């Protein structure tokens, strides 16, 4: 698995904000839809509170070795 963590040190979200994230915009919804399409249940995507007080996005996707030469 490849693991990514992106975080900021902004204002963060309220406790309700994490549950509601992605309901009003298209960015998070689009990301979740694409991950589900590409990896099915073999991926993880979550918003959590950052250690800096902002928001952290944690994502894990299956690692695929390429057989093509670049």
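Coordinate-derived values only; no laboratory data. As the structure is a computational prediction, the values presented were derived from the model and not from experiment. Ideal geometry is used to build each Cβ from the backbone, glycine not excepted, and the neighbour counts take in all protein chains shown.
Hey, fewest Cβ within 10 Å first, where do 8, 41 land in order?
Details: 8 13, 41 6.
Listed from fewest to most nearby Cβ atoms, that is 41, 8.
For the chain, adding -39500 (n - 2.57) for each run of n ≥ 4 DSSP H residues and dividing by the number of residues yields -8000 deg cm²/dmol at 222 nm. The angle between the Cα long axis of helix 27-39 and the longest principal axis of the Cα atoms of the chain comes to about 30 degrees, rounded to the nearest 10. Computing semi-axes √(5λ) of the Cα gyration tensor in Å for the structure here picks out one of [x] 76, 15, 8; [y] 34, 14, 10; [z] 26, 15, 10, namely [z].
Can you figure out the FRET efficiency of residue 36 with residue 15, using R₀ = 35 Å and their beta-carbon distance, to the nearest 0.05? In this case the efficiency is close to 0.90.
For residue 65 and residue 5 in the same chain, what is the full-extension length gain: residue separation times 0.36 nm, less their Cα-Cα distance, in nm?
19.5 nm
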